[in-house]
Each structure stands twice: as C-alpha cells, then as structure tokens.
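Beneath this line is the structure, given in structure tokens, with notes to follow.
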Amino acid sequence: MTDKKLQVISYLAPNWWVFYQAIAAYLGRVLQVEIQIQPGECDPLEDPLLFEDKLDLAFICGLPLTRYSQIFPHQLQTLVAPVKQSSRYGNSPIYYADVIVNAHSNIQQFADLSGKTFCYNDLGSNSGYNLLCYHLIEQRYSENFFGKTIQSGSHQCSIRWVIEGLADCAAIDSVVLEQELQDFPELSKHLRVVEVLGPSPMPPLVVAQRLGVSLIEQMRLALLQPDTELQNVMAEFGVRRFAPVELEDYQILHQIYSDRAVVGLST
C-alpha cells in the first residue's frame, strides 16, 4: 500500500463534514493506513497545499477542479461522486442550485428579483454564483439585473441572510440546502425556492495521480462497495451509492464559467 499517512482535505460545505470523515475512515480501514482529514482553510485555487502537491485526496467542487486542472493537468484524478437517494437526482451523480427567497416576501418567480439584493457564498462557486450568472445570460437579463450583490462567505450564511432580510435571494447548492433543512427544520417555513438551476455534476472525491494506478483503483473499487459502517453514514446523508466519474464530466462547468465570465454581476 503506502507507508505514510494519507492527507485528505475537504473544500466543501461543513454540514457534510461527518460524511467526509466517514469516507476517510473507511479508506483507512480498507487500505490499513492512517488517514488525516482536515477542512480547507481557503479557496482551493489559493491553497499552497494543493499547488505544492501535498494533498493525497480532496473533496472539491467541480468548477475549481476544472480550473485548477487547466493549470496542472496531470496532478489530480477523479475517483467517485455521491449519488443522492431523492428522486430529483435520477440515480445520477448530479445536484442543482436552488434559488431561495424569504417565504414571507412577495417574490414569487425569478423575474421578481429584478433590482433586489443577491448574496453569494464566493465568486468561485458553481452553485452559488456561476450557474446564476449563466442563467442571466441565457435568459437575456441585464447584467445590472440585481440592484446589489454581496458576498456572504458560505452557503449557510447566505441562507440565514435571506431569512434575516439582509439579502433578498441566494443560489444554494441543493445538497447543502437539503442538509441544512434536515439539521434545522425550523428554517423551512422561512424559505421558498423560486428557480432551480442545473443539473450539474456532483462534486467529486479526487486523488493525487502520484499515488499510482494500483492504489487509486483499489480506492475506487472500495468506494463502489462500501462496508456496513460507511453505508449507515451514507443513509444518514441520503446517499444511495457512489458513482465513478471522470474529469471530462466536469468540463461543462468550465465552459459555463468561461461563457459567463464576460458578463458577471454589478456589485
């Protein structure tokens, strides 16, 4: 196998942290190696740990993955992505961006957001920013469609800003939103979804190619056949299975990013 610790990082939303820990622990059991997992402390495209190839595995959004792979095409390889149990995901490794508003507002459809305040988690987010910008382009809305845009720093913060009236709307990763509503069911009465964007390929688990074909394939096969302990955690997070994915599956996100980059939003 390997005689060193495997370093794992998650750049994804913290309300799935227990799930990522369970995957790391499972791989440790299968490979009989110590695995150290930590949350990302910055944007992956600004993380020296990633640029210096010091990470063995990473949970990462597809958009920064494709942007990073344009710079270092031979460093990372996709392993698998989760498939959610809910019927809206069609037994495929996909997710959506749900555009939310305060349920007590008079906003009923996307067009009603004209002149309103939009908050986003960060500019590099596919669900929180990229897809919405592209939607404005597709529907031929003005680049000044929103009256104001503000950065919240996280999906969870965006959700609460909409509830508290600090922003009129936000685009939230559907998986993150569903988990947040499961963890805090009282929030559901304060939110309404007015638009669904996507689907997009589900954020994958990626691995450093330097670990070698044999070890990488062992990891992939293990995740396609999870043990009972991991299956129990998967059930808690509404995950049906893991599906093998390829880097090419995520290129559509980079294309959307490239197309929308010429427009952006007024701030």
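What's the center-to-center distance, using Cα atoms, between the range 102-170 and the range 1-37 in Å? Between the Cα centres of the range 102-170 and the range 1-37 lies a distance of 34 Å.
Computed from Cα atoms, the angle from the helix 17-31 axis to the main principal axis of the chain rounds to 20 degrees. Under 16 Å from a label point set 7 Å out along the Cα-to-Cβ vector of VAL18, the amide N atoms of the range 201-229 belong to 229. With Cα atoms as the point set, the radius of gyration and Dmax of the range 94-200 evaluate to 12.4, 37 Å. Dividing the summed -39500 (n - 2.57) terms of all DSSP H runs of n ≥ 4 by the residue count of the chain sets its mean residue ellipticity at 222 nm at -9500 deg cm²/dmol. With the biggest extent put first, the Cα atoms of the chain measure 58, 39, 31 Å across the principal axes. Once the chain from LEU221 to SER87 is taken as fully extended at 0.36 nm per residue, the excess over their C-alpha distance is 45.7 nm. Summing charges over all other residues whose Cβ lies under 14 Å from the Cβ of THR228, with Lys and Arg as +1 and Asp and Glu as -1, gives -2. Sequence-distant contacts, meaning Cα pairs under 8 Å at least 6 residues apart, place the relative contact order of the range 94-200 at 50 percent.
Looking at the square roots a ≥ b ≥ c of the eigenvalues of the Cα gyration tensor of the range 90-129, which shape do they give, rounded for a/c under 1.5, prolate if a/b is larger than b/c, or oblate? Judged from the Cα gyration tensor, the range 90-129 comes out oblate (a/c at least 1.5, b/c at or above a/b). Mean-square fluctuations from a GNM of the chain, with a 10 angstrom spring cutoff on Cα atoms, peak among GLN85, GLN36, GLN70 at GLN70. For VAL213 and GLU236, the FRET efficiency from 1/(1 + (r/R0)^6), where r spans their Cβ atoms and R0 equals 41 Å, is about 0.80.
The trypsin sites (Lys or Arg not before Pro) of the range 109-168 meeting both criteria, a DSSP state outside H, G, I, E and B (loop) and at most 13 other C-beta atoms within 10 angstrom of the site's C-beta, are ARG140. Give me the net charge for the shell around SER174: Cβ to Cβ below 13 angstrom, other residues only, Lys and Arg +1, Asp and Glu -1. That sum, taken over residues with Cβ under 13 Å, equals -3. The C-alpha atoms of the chain define a longest principal axis, and helix 155-164 lies at about 30 degrees to it.
Rule-based calculations on the coordinates, nothing more; no lab input. Values in this document were obtained by computation on a predicted structure and should not be read as measured data. Cβ atoms come from the backbone with ideal geometry, glycine included; neighbour counts cover every protein chain shown.
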